[in-house]
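The values are calculated or read from the model by the stated rules, or taken from the named source; none is laboratory data. As the structure is a computational prediction, the values presented were derived from the model and not from experiment. Using ideal geometry, Cβ is built from the backbone for each residue, glycine included, and neighbour counts are taken over all protein chains shown.
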Amino acid sequence: MLLEVKNLTKVFTVGLFKRREIVAVDDVSFNAEPAEFISLVGESGSGKTTTARMILKLLPPTSGEVIFEGKDVFGLKGIEESRSYYKSVHSIFQDPYAAYNPLHKIDRVLNQVFKLTGHSGAERDRLVKEALKEVGLRHEDVLGKFPHELSGGQRQRIMVARCYILKPKLILADEPISMIDASTKASILRLFSKLRDEYKTSVIFITHDLGLAYYVSDEVLIMSEGSIVEKGSPDDIMNRPQHPYTKKLREDIPLFYRKWPGF
Amino acid sequence: MPQLIKDLLRIKKLDASLAIFIGIILTSVLGSMLYATKPLAIVGPAEQPPSVEFPLGTDSWGRDLLALLLAGTKNSLRIGVTAALISLTIGLVIGVTAGFKGGIIDSALMLVTDVVLVLPSILIMMLVAAYLRERNPFYVSLIIGATGWPWVARAIRSQIMSLKSREFMYLSKMAGLKDVRIIIEDLLPNMASYIAMAFVLLMSGAMIAEAGLSMIGLGVTKGVSLGIILYWAQILESVRRGMWWWFGPPGAVLVALAASLLLMSTALDEYFSPRLKGG
Amino acid sequence: MKSTALLEAQAVKAYYSTRQGYIKAVDNIDLIIDKGMTLGVAGESGCGKSTLMNTLMMNVKPPLHFLEGTIVLDGKVISKMKISELKNDVWGVRISLVPQSALNALMPTKRIIDFIKDVIRHHTDVSDSEIASRARKRFEELNLPVDSLSMYPHELSGGMKQRAIIAVSTLLNPRLLIVDEPTSALDVSTQKQVLKMLMDLRKTGIIESMIFVTHDIAILRQIADSITIMYAGKIVESGPTEDVLFNPKHPYTLSLTSSVVTPEPEVRERGLASIPGEPPDLLDPPEGCRFYPRCTKSMSICRSVEPPLKSEGAQLVACHIASGDG
């Protein structure tokens, strides 16, 4: 078992005088094996991004555990243990706009991971160019530029390149292809498959797009209002949905090969 | 970032205020070096209006007011810069630590900040100043600097807190960077504008505070500053006796310095605000 | 002008002027919208579809310039009208555009009913109570909650805001409604509500025809009668929805339809196609076919000669291979 998420919960308290409690993530549990693609599907506000942040140790949980390769993630102490964790678990962030420090060139995003891998000098250059090529970018087009000089699609692909250099055991990909034009989505998905086939990388896709989840995952988890309301294979979810939320989702998604009744 | 400098220079407000400010600095620094007359030397008849020999006239002791003005401006600037740096350093360290660490450290530091904020700084300055027999410019800067930092700490703290939740921090965290490194490489550059504005405002406030302290007789004990000149002008009733060449120029220079600094801070604010929103 | 046509655009050119030259965003476009038609305009970012919509309405402000061409709406040549005429007679009255960022354009200090008053008062002088009753009637007609009229924008959900904006844009029963990515920020169920509302506008006759601009082809499959595919400032294929989507003649259309991701088994069987490269820079587009650099089937004529839009089967296609040239 690569990853075990057990009863993960996050409650936010907001407000200055009238304190309100917002339960963003409510008792979420699921597992992931090596070389597996899982999708966490939900609309904005469903708690999927918050769950991912906790798994990435970027947000402390209110209660619950995350166990990675047998070790308690929240019990890790010190810089060395953190580094070792991030070498194996990494993320692609949804908003390529906010995810980059606007004052640094994008090269920094790529070069930072070498702290975790330990490469140096010429090896670094080679790996960076190779990764950029894999995501369909020409290094002359993007190296040395600032984030605002690149398009959303380019920024998103650079983050994928970062993960490719690292080749972690688990990637949490938050809407990794939302900004990429339809004609190039497939190549990025193929890259994820390559990582899975060659390096046994698992990917947890965090998305609102049930179509993407259906196409790419081995298992689909539907989240709504902080909890997982349904779990199953893509076929289970589409053909035998159990929960009313899943059923409604299925009805409301615009399909390509079938027409909505009554439209 | 040469592009940054180019862009900044295009703002007219900044041009004007920078010109005035740098003009005053250069004049006072070079002037006090080049002008032959020593400021505190008695060189002529007392209370003379401006003439060819004494371009700004003389004071009640017969000292050259132009020499006094040049030296005084230079010292006031020095005290202003030193005090501003002291306040900025204290404010930055406390603000960054409180904002970044949060929790109990934040509460403790904010408590200290609030206490210092509430203390009447003039009284403190007066007490300390009166206690010290000898007050050199550095001590005066220290007194002013040690009481002027609370608002800086608070402003920096809220900036840090809002930046902390921006996602670009996550990438550095996941690269295994230590906290201090994340602060220096990621956070501080994004706060450069705040820090620059804070410095400018601190300096303006410090020079006025120095003038205030001096005018109640608690300024530097040796040497001269704008405030000291104004102090003498005041106790020898230059206003009532119409000796405008004594109180006029130092007052005007002080106002010009403060005003140009304030204008600079607005210009910086204008320039940085839209850019900070992602560009 | 054809008798069945509501809007006809011929040889329309609209460029952006920049320091580096002209961005040829709308480059010699011909387009016909029939009465009673819902036209879907699809294409990826930067293809010029939003610019085209503004141009069709003659909502052209520098740095965008209308260079040449004719646009005829309902028998009137709007491409020759002055701004004042357009403001009084065309915008909101005959054509209405709900732009991409409409959700954010609502002033937070005005209630919905106040927006409605502004719109109606600009065109006719009518009492407050008359406006209120018209607004209520229209909202009821469209199944919108009437109490939202007295609310401020921030009190409404994203979906409700969008529907309110669409309702206000169609108050004066324009003949043509243009909506640009109206649902991309909404969740799937709210999206369906908005789409249903747009269909109702057509069914109840409040509007005659509609243009729906989006990059999401699956939506167009559900609601559009006809589809126009744009690439790099040009129309590459146009025709009835089923023909364009299931029997595409242009290589770009084929790649678009083969990269649709919906949760259907056919998608898994087909796999996702992808084409290398990126759309060309509109400052200096290629001489011949603009898709040539990325096309796998090209011939030598494609590089030098721009393919004209020609009739092939049920649709219009701009492709030398499809037309059997060279």
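Before moving on, here are some points about what is shown:
- Cβ-Cβ contacts under 8 Å between residues 6 or more apart (or on different chains), taken from a first residue in the stretch A:214-230 that is on the phi > 0 side of the Ramachandran plot to a second residue that is of a type in the set (A, V, I, L, M), are listed as A:Gly226/A:Val23; A:Gly226/A:Ala24; A:Gly226/A:Val25; A:Gly226/A:Val28.
- Some residue of the stretch C:185-206 being more than 14 Å from chain A (Cβ to nearest Cβ) and closer than 19 Å to C:Ala5 by Cα: yes
- Filtered residues of the stretch A:62-99 (kept if surrounded by 13 or more Cβ atoms within 10 Å (Cβ to Cβ), away from chain B (no Cβ under 11 Å) and over 24 Å from A:Pro34 (Cβ atoms)): A:Thr62
- Cβ-Cβ distances below 8 Å connect the following pairs, each with a first residue in the stretch C:73-95 that is among the acidic types (Asp, Glu), a second residue that is part of a loop (DSSP other than H, G, I, E, B), and a separation of six or more residues or different chains: C:Asp74/C:Arg94; C:Asp74/C:Arg175; C:Asp89/C:Met81.
- In the set A:Leu195, A:Leu172, only one residue is aliphatic (A, V, I, L, M) and either closer than 22 Å to C:His215 by Cβ or within 14 Å of the chain's Cα centre (by Cα) (or both); that residue is A:Leu172.
- Residues of the stretch C:101-152 satisfying the condition of being out of contact with any Pro (no Cβ under 6 Å at 6 or more places or on another chain), in a loop (DSSP other than H, G, I, E, B) and within 15 Å of C:Arg163 (Cβ to Cβ): C:Leu142, C:Asn143, C:Leu144, C:Pro145, C:Met151
- Reported count of residues in the stretch B:221-249, each being out of contact with any Leu (no Cβ under 9 Å at 6 or more places or on another chain), β-branched (Val, Ile, Thr) and touching a residue at least 24 places away in the same chain (Cβ under 8 Å), is 0.
- Selection count, the stretch C:25-48, where residues are within 14 Å of chain A (Cβ to nearest Cβ) and modelled with pLDDT of 90 or more: 3
- Number of the exception - B:Val96 against (1) within 25 Å of B:Ile79 (Cβ to Cβ); (2) within 22 Å of the chain's Cα centre (by Cα): (1)
- A search for C-beta distances below 7 Å between a residue of the stretch C:309-323 that is free of Cβ contacts under 8 Å to residues at least 40 places away in the same chain and any residue that is surrounded by fewer than 23 Cβ atoms within 10 Å (Cβ to Cβ) and part of a loop (DSSP other than H, G, I, E, B), counting only pairs 6+ apart in sequence or on different chains, returns C:His320/C:Met299; C:His320/C:Gly326.
- Among (1) crowded, with 19+ Cβ neighbours inside 10 Å; (2) assigned to a helix (DSSP H, G or I); (3) in contact with an Asp or Glu (Cβ under 7 Å, 6 or more places away or on another chain); (4) not acidic (Asp, Glu) - the single one C:Leu201 does not satisfy: (3)
- Within the stretch A:100-123, considering residues that are part of a loop (DSSP other than H, G, I, E, B) and surrounded by fewer than 23 Cβ atoms within 10 Å (Cβ to Cβ), the one farthest from the other protein chains (Cβ to nearest Cβ): A:Ser120
- Here the condition is being closer than 22 Å to C:Leu195 by Cβ, β-branched (Val, Ile, Thr) and crowded, with 19+ Cβ neighbours inside 10 Å; of C:Val98, C:Val90, C:Val12, it holds for C:Val98 alone.
- Residue check for B:Thr89: touching an Asp or Glu at 6+ places or on another chain (Cβ under 8 Å) and within 30 Å of B:Met203 (Cα to Cα): no
- Which numbered condition B:Ile195 misses (of (1) within 14 Å of chain A (Cβ to nearest Cβ); (2) free of Cβ contacts under 8 Å to residues at least 60 places away in the same chain; (3) aliphatic (A, V, I, L, M); (4) part of a helix (DSSP H, G or I)): (2)
- Residue among A:Glu69, A:Glu65, A:Glu80 that alone is in contact with a Lys or Arg (Cβ under 6 Å, 6 or more places away or on another chain) and either among the aliphatic types (A, V, I, L, M) or more than 29 Å from B:Ala192 (Cα to Cα) (or both): A:Glu65
Residues checked against (1) more than 16 Å from the chain's Cα centre (by Cα); (2) exposed (fewer than 14 other Cβ atoms within 10 Å of the Cβ); (3) touching a residue at least 12 places away in the same chain (Cβ under 8 Å):
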| position | (1), (2), (3) |
| --- | --- |
| C:Lys49 | no, no, yes |
| C:Met53 | no, no, yes |
| C:Val60 | no, no, yes |
| C:Ile71 | no, no, yes |
| C:Leu103 | yes, no, yes |
| C:Leu106 | yes, no, yes |
| C:Asp118 | yes, yes, no |
| C:Arg134 | yes, no, yes |
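Rundown of residues vs (1) farther than 18 Å from B:Trp151 by Cα; (2) buried (at least 20 other Cβ atoms within 10 Å of the Cβ), yes/no style:
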{"site": "B:Val29", "(1), (2)": "yes, no"}
{"site": "B:Met33", "(1), (2)": "yes, no"}
{"site": "B:Pro49", "(1), (2)": "yes, no"}
{"site": "B:Gly57", "(1), (2)": "yes, yes"}
{"site": "B:Ser60", "(1), (2)": "yes, no"}
{"site": "B:Arg63", "(1), (2)": "yes, yes"}
{"site": "B:Gly91", "(1), (2)": "no, yes"}
{"site": "B:Val96", "(1), (2)": "no, yes"}
{"site": "B:Thr113", "(1), (2)": "no, yes"}
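- Scanning the stretch B:125-142 turns up one or more residues that are without any contact (Cβ under 8 Å) to a residue 24 or more places away in the chain, under 21 Å from B:Ile90 (Cα atoms), under 22 Å from the mean Cα position of the chain (by Cα) and more than 10 Å from every other protein chain (Cβ to nearest Cβ).
- Hey, C:Ala102 of a type outside the set (Lys, Arg) and more than 16 Å from C:Met210 (Cβ to Cβ) or not: no
- Scan of the stretch C:246-284 for residues that are closer than 19 Å to A:Gly153 by Cβ, in contact (Cβ under 8 Å) with a residue 60 or more places away in the chain and in contact with a Lys or Arg (Cβ under 7 Å, 6 or more places away or on another chain), ordered by number: C:Leu282
- Only one of the numbered conditions (1) under 24 Å from B:Lys173 (Cβ atoms); (2) surrounded by 13 or more Cβ atoms within 10 Å (Cβ to Cβ) is violated by A:Thr13, and that is (2).
- Conditions (1) in a loop (DSSP other than H, G, I, E, B); (2) more than 12 Å from C:Arg138 (Cα to Cα); (3) touching a helix residue (DSSP H, G or I) at 6+ places or on another chain (Cβ under 8 Å); (4) not small (Gly, Ala, Ser): number failed by C:Pro174: (3)
- If you filter the stretch A:126-168 down to residues that are touching a His at 6+ places or on another chain (Cβ under 9 Å) and not in a helix (DSSP H, G or I), you find that the one that is farthest from the other protein chains (Cβ to nearest Cβ) is A:Pro168.
- Given (1) surrounded by fewer than 21 Cβ atoms within 10 Å (Cβ to Cβ); (2) on the phi < 0 side of the Ramachandran plot; (3) part of a loop (DSSP other than H, G, I, E, B), number of the condition C:Ser189 does not satisfy: (3)
- Listed by first and then second residue, the pairs linking a residue in the stretch A:1-20 that is at pLDDT below 90 to a residue that is of a type in the set (Lys, Arg), with Cβ atoms under 6 Å apart and 6 or more places separating them unless they lie on different chains, are A:Thr13/A:Arg19; A:Val14/A:Arg20.
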